[in-house]
Amino acid sequence: MYRAIGKSTRSFLGYSTRSFSRVVGSDIISPLIGLNDDQKEFYTLAKGFADKEMAPYAAKWDEEAVFPRDTLQKCAELGFGGIFVKEDVGGSALSRLDTTVIVEALATGCVGTTAMLTIHNMCAGMIDKFGSPEQRQQWLPKMCTLDTMASYCLTEPGSGSDAASLQTTAVIDPKYPDHYTINGGKAFISGAGMSDLYVVMCRTGGSGPRGISCLLVPKDTPGLSFGADEKKMGWKVQPTRQVIFEDCRVPVSNRLGDEGQGFAMAMTGLDGGRLNIGACSLGAAQASFDIALGYIKERKQFSKAISEYQATQFKVADMAANINVMRLSLRNAAALLDEGHPAATAHCAMAKRTATDYGFNVVNDALQLHGGYGYLKDYHIERYLRDCRVHQILEGTNQIMSHIVGRSLVA
Amino acid sequence: MRVLVGVKRAVDYAVKVRVLPDKTGVDLANVKMSMNPFCEIAVEEAIRLKEKKVAKEVVAISIGPKACVETLRTALAMGADKGIHVTTDVRTDQGISPLAVSNIIAHFAKNEEADLVIVGKQAIDGDNAQTGPMVAGLLGWSQGTFACGMEVDGQKLILDRETDSGTEKLSLKLPSVVTADLRLNEPRYATLPNIMKAKKKPINTVDAASLGIDMELKNTVVSVEDPPVRKAGVIVESVDELVNKLKNEAGVI
């Protein structure tokens with residue numbers, strides 16, 4: 001009797017007993033799903049580049065702490081040096097959504113290198129958006145070709161989350177009119193020592209955010225020096241150093257926007273930067289997930305592939321669902337930022353927190369699925385894990401992300 | 001000089017294909033497709049001729065379903081000037097004969113007044129390697145297959161060919177058909193600006209049936225099967241035993 005009901009139910013619902021075309025494997029959460037034709041091409045280009053020019057070398061770069069400047073140069077040749085910078089200065093004039101797609105693809109190759117590229121792009125974006133016509137022409141063409149690489153200098157030893165309390169000062173010394181004289185120091189600066197241009201938030205006025213301005217400081221400016229390269233858990237391909245200013249003088253014309261606008265500009269830069277850091281976690285998660293999905297089909301224990309155990313299937317299903325959430329969250333926030341939606345900042349903060357927290361956990365799960373092999377550098381997962389741990393901290397800790405959203409929610 | 005380049009949309013080289021349960025072919029459903037790697041090399045060589053100001057225009061042609069437009073766009077993003085999409089709904093890995101493909105390409109080589117046709121040496125799905133030589137035969141042009149180096153010298157093409165015994169240097173009188181081998185060049189990436197520019201380049205769409213070319217399959221695929229499962233090796237006790245097995249069992253000496 002059961003069988004009879006079963007058959008009629010199946011034919012009623014139109015189920016066929018023959019095999020039908022369906023999506024299997026990692027394609028279920030393919031990054032291409034939901035993209036328009038152009039974005040699919042962008043993704044394919046960036047992923048092809050990551051697979052060929054980054055992934056084969058990422059382990060070596062990490063091991064030897066090598067910064068692949070020439071690989072970044074190749075990125076620039078493809079138009080990745082100024083992804084959302086306007087075309088008149090050599091930018092690619094793409095949207096933040098397009099950028100997210102490109103970044104998640106590149107991050108599968110090497111997280112640390114991609115992250116540095118996104119920081120550089122954030123700086124280029126700030127100059128593009130807030131720079132005067134002269135400043136744009138002076139700096140952006142070379143930044144888009146990555147002849148000039150830029151670093152973002154906000155954090156100080158005494159001001160991380162409390163960024164607006166920064167103490168690096170920039171005053172106009174009467175002996176050097178038309179110049180700002182900068183004194184102070186920045187900490188944890190990605191690319192420090194290697195970058196050609198430093199986008200520095202310093203205090204030109206009173207306390208708090210309104211007293212902060214943004215100055216562009218070229219690398220060879222006298223009075224600019226760097227601390228020792230920090231020994232880090234991950235992002236080993238990037239130098240991370242203190243940036244020290246001792247009577248470092250730059251022309252007033254190197255100021256971006258007006259005095260007192262620096263903090264607002266810095267925060268605007270971070271909205272997009274947070275999306276990109278989230279996208280780096282997404283790329284790391286997707287790459288680790290793909291590796292794990294392959295591994296579990298090959299690894300046999302107790303006479304079967306571990307992919308046949310329900311516990312494993314439930315685990316990868318959770319991982320896939322979370323990757324999907326990360327991706328949708330980031331892309332949606334990017335679309336809001338593109339349209340200038342008033343809630344965009346909150347969405348970028350939420351997406352950053354979701355993507356970086358879930359991303360770390362997906363990579364961690366991928367490591368666990370590998371058993372002992374996951375602990376070995378040869379299997380790459382541990383490098384993705386070490387690299388994306390910091391995404392939960394920089395460009396605003398995830399706790400600050402909660403603070404940004406929470407205070408707005410109850411306002 | 002005008003160059004016509006054939007680009008085929010084929011299974012991506014990294015995909016692990018599966019055979020259909022009824023053994024009529026490889027399962028292409030939802031499988032990642034890309035431009036055939038040897039076609040990429042062909043496009044790259046054509047673009048380099050344009051950059052050297054030897055070629056005036058590069059036209060890319062692809063035969064297949066709607067999705068071939070993506071393949072043509074990739075060629076345009078690499079630098080081709082315009083695309084020709086010959087539409088057909090048959091499976092392009094085994095549903096269309098190399099002779100039909102060659103007739104189509106020869107037709108457009110004449111239409112486009114091409115002086116040079118460059119195609120990949122073979123497609124990685126069919127692996128026939130027949131299209132290049134057949135196009136040359138149909139057009140009555142000189143041909144150079146397995147090209148690993150190419151220079152234009154006035155009305156002559158100086159070609160390096162990869163052969164089993166080494167590199168052969170040929171001088172061909174244009175017009176010619178060249179098939180690209182692996183070491184001819186390293187194809188460039190498209191760039192973001194070129195991807196956007198490619199959208200403005202024209203793609204002409206032509207129905208294969210309207211060309212008056214015989215599209216009937218003269219060869220049909222009987223079955224497609226997995227290669228035999230690899231058997232375990234055998235430890236031999238002596239050199240004599242090894243030689244005996246090589247001669248009488250493997251038949252290689």
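Cβ crowding within 10 Å, taken as a proxy for footprinting-reagent exposure, orders A:His341, B:His107 from fewest neighbours to most as A:His341, B:His107. From the square roots a ≥ b ≥ c of the eigenvalues of the alpha-carbon gyration tensor of the stretch B:139-193, which class results: rounded (a/c under 1.5), prolate (a/b over b/c), or oblate? Judged from the Cα gyration tensor, the stretch B:139-193 comes out oblate (a/c at least 1.5, b/c at or above a/b). Projecting each Cα onto the charge dipole of chain A (Lys/Arg +1, Asp/Glu -1 at the beta carbon, about the Cα centre), which of A:Met149, A:Ser207, A:Gly374 comes out farthest on the positive side? The residue sitting most towards the positive pole is A:Gly374. In a reduced charge model with +1 at each Lys and Arg Cβ and -1 at each Asp and Glu Cβ, chain A shows a dipole moment near 1600 debye about its Cα centre. Within straight-line reach of A:Lys300, meaning a Cα separation under 19 Å, sit the following aspartates and glutamates at least 8 residues removed in sequence or on another chain: A:Asp290, A:Glu308, A:Asp365. Would you mind pulling out the separation of the Cα centroids of the stretch B:7-36 and the stretch B:68-146, in Å? With the stretch B:7-36 and the stretch B:68-146 each reduced to a Cα centre, they are spaced 19 Å.
Sequence-ordered 3J(HN,Hα) estimates for the stretch A:386-402 from the Karplus curve with 6.51, -1.76 and 1.60 and θ = phi - 60° stand at 4, 5, 8, 4, 6, 5, 7, 10, 7, 6, x, 4, 5, 5, 5, 4, 5 Hz, glycine and proline given as x. Net charge of the neighbourhood of A:Gly211, taken over other residues with C-beta under 9 Å away and scored Lys/Arg +1, Asp/Glu -1, is +1. Semi-axes of the equivalent ellipsoid for chain B, computed as √(5λ) from the eigenvalues of its C-alpha gyration tensor and ordered from largest down, come to 35, 24, 18 Å.
Before rounding to the nearest 500, sum -39500 (n - 2.57) across all DSSP H runs of length at least 4 in chain A and divide by the residue total; then give [θ] at 222 nm in deg cm²/dmol.
-16500 deg cm²/dmol
For the stretch A:289-294, 3J(HN,Hα) computed residue by residue from phi via the Karplus equation (6.51, -1.76, 1.60; θ = phi - 60°) reads 4, 4, 5, 5, 4, x Hz, glycine and proline entered as x. Computed over chain A with a Gaussian network model linking Cα atoms closer than 10 Å, the most mobile of A:Asp51, A:Asp147, A:Asp37 is A:Asp37.
Hey, which aspartates and glutamates would be in cross-link range of A:Lys86, C-alpha to C-alpha under 12 Å, not counting anything within fewer than 8 residues on its own chain? Straight-distance partners of A:Lys86: A:Asp128.
Please list, or write none, the lysines whose alpha carbon is within less than 16 Å of the alpha carbon of B:Lys200, excluding same-chain residues fewer than 8 places away. Here the lysines satisfying the reach criterion relative to B:Lys200 are B:Lys82. Please report the net charge: other residues with Cβ closer than 13 Å to the Cβ of A:Asn183, K and R +1, D and E -1. Result for the local shell: -1.
Between 0 and 90 degrees, the angle of helix A:96-107 with respect to the longest Cα principal axis of chain A falls at about 70 degrees. Dipole check for the stretch B:100-179: with +1 at the C-beta of Lys and Arg, -1 at the C-beta of Asp and Glu, and the Cα centre as origin, the magnitude is about 220 Debye. Membrane-span-like helices of chain B, defined as complete DSSP H segments with a Cα extent of 18 Å or more along the helix axis and a mean Kyte hydropathy of at least 0.5, are identified as B:98-111.
Exposed loop sites here are chymotrypsin sites (Phe, Trp or Tyr not before Pro) assigned a DSSP state other than H, G, I, E or B and surrounded by at most 16 other beta carbons within 10 Å; excluding them, the longest clear run of chain A is A:21-301. Over 27 Å apart at the Cα level, from the set A:Lys236/B:Lys32; A:Lys304/B:Lys32; B:Lys66/B:Lys197, are A:Lys236/B:Lys32; A:Lys304/B:Lys32. Separation of the stretch A:66-125 and the stretch A:148-179, taken as the distance between their Cα centroids, equals 25 angstrom.
For the pair the stretch A:320-358 and the stretch A:287-301, the centres of their Cα atoms are 28 angstrom apart.
Relative to the longest principal axis of the Cα atoms of chain A, the long axis of helix A:111-130 lies at roughly 50 degrees. Taking chain A as a Gaussian network, where each spring joins two C-alpha atoms under 10 Å apart, which residue of A:Thr221, A:Thr204, A:Thr354 fluctuates the most? Its mean-square fluctuation being the largest, the pick is A:Thr221. Between A:Asn276, A:Asn121, A:Asn324, the residue with the greatest mean-square fluctuation in the GNM of chain A (Cα pairs under 10 Å linked by springs) is A:Asn324. Charge tally around A:Gln167: other residues with Cβ under 12 Å, Lys/Arg +1 each, Asp/Glu -1 each, net 0.
Readers should treat all values here as calculations from the given coordinates under stated rules, not as data from a laboratory. The structure displayed is predicted, hence computed values, not measured ones. Here Cβ is always computed from backbone atoms with ideal geometry, including for glycine, and neighbour counts include all displayed protein chains.
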